[in-house]
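I have placed the structure first, in the form of structure tokens, so that the comments after it can refer back to it.
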Amino acid sequence: MAGTIAVGCSVGRSLVRTLALLVVAAACSGTAGNNELLVDSVSPGFGPLSGGTRVVITGAGFLNGGASPNRVLFGVQESPQAGAVDDATLEVVVPAGEAAGDVPITVFNRNGNIVAMGKFKYSSEPTITTVTPANVLFSSEDTTVTVNGTGFLDENAGRPTVLVNGEAPIDVQVISDTQITFTAKPGEILAKPVIEIDNARGSAEKLSAFRYVPSLTPGLFVFPKNTTQVFAVFFNPTTMQTVTVPKKDTNTLQFGFRAIVADAAGDFTVIGRDNRVGKLDMATQLLINPETLNTPRISGLSRVGATVFAVSRSPAEFGTFNPATRVFTSIAPFAGQNPGLAHDGTTMFAFLNKQISTINTTTGARGTPVALSPANLEVSEARFIGDTLYAAAGPQGAVNQIVSINPTTGVATTLATLSGLTLSGVEVFQP
């Protein structure tokens, strides 16, 4: 018979030891002729690894000639329930499997035994390979998220349960066995939710499936100090609007960050006003593996390609800083008040003593300083977005503004005032 293999007295060697003697006895006492044991088909021919699927095995020799009781193995696992409807029909409950894929089905009774190949397979559990888009606007109510993977529809997968951080999204659509879409609900800025998919074939999970972002265009994260309420403020230079990111731990005072620099992946390394350094987990608002710096008190950072330049106070120096090793290397003295750096892609600019100038990154030599205007303007930290230089600044002792600064003239224009906050570190957010 196509797809079947008759097995003799040696079959017991391929089965679990507890069933070996029963298989051998059944095989050696089987009768030939009209009561020959056959397996023609199994329907359905698939089921989940968890087992429990009821299948119908058609063939012959299941009842006549005193065949019962029938015992059925899927691989080496025995069915918890197998009963003959008639000599040609056997109803069986599939046991839990060990691995996805085809498994041999062994039927044995007083008529003999038989192993059928290619009749049944355990379905693989669903998988999630990619999720698009990578960024979802935190306030959006109409962003379609596409989940690509496998095992979403075929082989009686059934209607899936889709969860995003434990909550059901809107308008879930099973497009095919490899694609599901849904409409994302609004979320928390910088959260990276987990997507879970459960169906009759099993479960799949994708950590950090996408990211809720404050904007789909570049902007500034500005971090205040001495506050228990506000973790950060996002400034959108396109709309000139600000979005507040609340502080998660309102029982702890946020001292603020003296210097911040983003890496190529967009992750922030920060140096706190307490001189602790670490990578900032923006979702949890905690430092990853922080340590206290023994180097000078760094007050400004700016990345140029793979190199991070830094300015420090006590002692006042210009140099480089390695975020991985957390080592500062001096290039030249850099004495003065409120030192800071910003790079426009071509030229490095330095802030010192309420002035702005160019600075040679090789020697540390400064170009001709230009006084900032207004004269009492204090700059905490500054960054370029495109050709525009933005800074957290304000009157001395009251740094609560976001301004744009003309590097040639030093003139500052106030774009936003954040009442009740004193601003500290600034870094560009790239979606």
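Of all residue pairs spaced 6 or more apart or on separate chains, those with beta-carbon atoms under 8 Å, a first member in segment 240-264 that is under 15 Å from ASN275 (Cβ atoms) and touching a residue at least 60 places away in the same chain (Cβ under 8 Å) and a second member that is charged (D, E, K, R) and in a loop (DSSP other than H, G, I, E, B) are GLY256/ARG273; PHE257/ARG273; ARG258/ARG273. Give PHE235, PHE223 a once-over and let me know the one that is closer than 25 Å to THR388 by Cβ, in contact with a Leu (Cβ under 7 Å, 6 or more places away or on another chain) and not small (Gly, Ala, Ser). Result: PHE235 is the single residue among PHE235, PHE223 that is closer than 25 Å to THR388 by Cβ, in contact with a Leu (Cβ under 7 Å, 6 or more places away or on another chain) and not small (Gly, Ala, Ser).
Residues that are assigned to a strand (DSSP E or B), crowded, with 16+ Cβ neighbours inside 10 Å and within 17 Å of the chain's Cα centre (by Cα): does segment 183-196 have at least one?
Scanning segment 183-196, I find at least one residue that is assigned to a strand (DSSP E or B), crowded, with 16+ Cβ neighbours inside 10 Å and within 17 Å of the chain's Cα centre (by Cα), so the answer is yes.
For segment 72-98, filtered to residues that are under 16 Å from ASN111 (Cα atoms) and outside any strand (DSSP E or B), the residue that is nearest to the chain's Cα centre (by Cα) is ALA88. Would you confirm, using the coordinates I've provided, whether SER208 is at pLDDT below 95 and either within 24 Å of the chain's Cα centre (by Cα) or buried (at least 24 other Cβ atoms within 10 Å of the Cβ) (or both)? Considered against the rule, which asks whether it is at pLDDT below 95 and either within 24 Å of the chain's Cα centre (by Cα) or buried (at least 24 other Cβ atoms within 10 Å of the Cβ) (or both), SER208 comes out as yes.
Yes/no matrix, rows are residues, columns are (1) under 22 Å from the mean Cα position of the chain (by Cα); (2) surrounded by fewer than 16 Cβ atoms within 10 Å (Cβ to Cβ):
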{"site": "LEU137", "(1), (2)": "yes, no"}
{"site": "THR150", "(1), (2)": "yes, no"}
{"site": "ASN156", "(1), (2)": "no, yes"}
{"site": "GLY166", "(1), (2)": "yes, yes"}
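Residues in segment 37-70 that are of a type in the set (Phe, Trp, Tyr) and within 23 Å of ASN199 (Cβ to Cβ): PHE46 alone. Applying the condition of being surrounded by 15 or more Cβ atoms within 10 Å (Cβ to Cβ) and assigned to a strand (DSSP E or B) to segment 168-182 and asking which residue is farthest from the chain's Cα centre (by Cα) yields VAL174.
Only one of the numbered conditions (1) in contact with a strand residue (DSSP E or B) (Cβ under 9 Å, 6 or more places away or on another chain); (2) closer than 17 Å to ARG383 by Cα is not met by THR320, and that is (2). In the set (1) among the β-branched types (Val, Ile, Thr); (2) surrounded by fewer than 15 Cβ atoms within 10 Å (Cβ to Cβ); (3) at pLDDT 95 or above, ILE288 fails one condition alone, (3).
Is segment 163-184 home to any residue that is farther than 27 Å from LEU49 by Cα, out of contact with any helix residue (DSSP H, G or I) (no Cβ under 7 Å at 6 or more places or on another chain) and in contact (Cβ under 8 Å) with a residue 40 or more places away in the chain? Taking every residue of segment 163-184 in turn, at least one turns out to be farther than 27 Å from LEU49 by Cα, out of contact with any helix residue (DSSP H, G or I) (no Cβ under 7 Å at 6 or more places or on another chain) and in contact (Cβ under 8 Å) with a residue 40 or more places away in the chain.
If the condition is being within 17 Å of GLY340 (Cβ to Cβ) and either of a type in the set (A, V, I, L, M) or outside the structural domain of THR295 (by TED's automatic domain parsing) (or both), then segment 234-276 contributes ALA259, ILE260, VAL261, ALA262, VAL270, ILE271. Filtering ALA191, ALA184 for residues that are modelled with pLDDT of 95 or more and of a type in the set (Gly, Ala, Ser) leaves a single hit, ALA184.
Within this structure, ALA350 passes the test of being in contact with a strand residue (DSSP E or B) (Cβ under 6 Å, 6 or more places away or on another chain) and farther than 24 Å from SER215 by Cβ.
Could you check, for segment 326-335, whether at least one of its residues is within 26 Å of ALA371 (Cα to Cα), outside any strand (DSSP E or B), among the aromatic types (Phe, Trp, Tyr) and in contact with a Phe, Trp or Tyr (Cβ under 6 Å, 6 or more places away or on another chain)? Scanning segment 326-335, I find at least one residue that is within 26 Å of ALA371 (Cα to Cα), outside any strand (DSSP E or B), among the aromatic types (Phe, Trp, Tyr) and in contact with a Phe, Trp or Tyr (Cβ under 6 Å, 6 or more places away or on another chain), so the answer is yes. Selection of segment 304-325 for residues being outside any strand (DSSP E or B) and either surrounded by 14 or more Cβ atoms within 10 Å (Cβ to Cβ) or among the hydroxyl-bearing types (Ser, Thr, Tyr) (or both) yields SER314, ALA316, PRO323, THR325. Look at segment 41-66: where a residue is free of Cβ contacts under 8 Å to residues at least 24 places away in the same chain and a partner is surrounded by fewer than 21 Cβ atoms within 10 Å (Cβ to Cβ), sitting 6+ places away or on another chain with Cβ atoms under 7 Å, you get SER43/VAL56.
The values are calculated or read from the model by the stated rules, or taken from the named source; none is laboratory data. All values derive from a computational prediction rather than experimental measurement. Cβ: placed from backbone, ideal geometry, glycine included. Neighbour counts: every protein chain shown.
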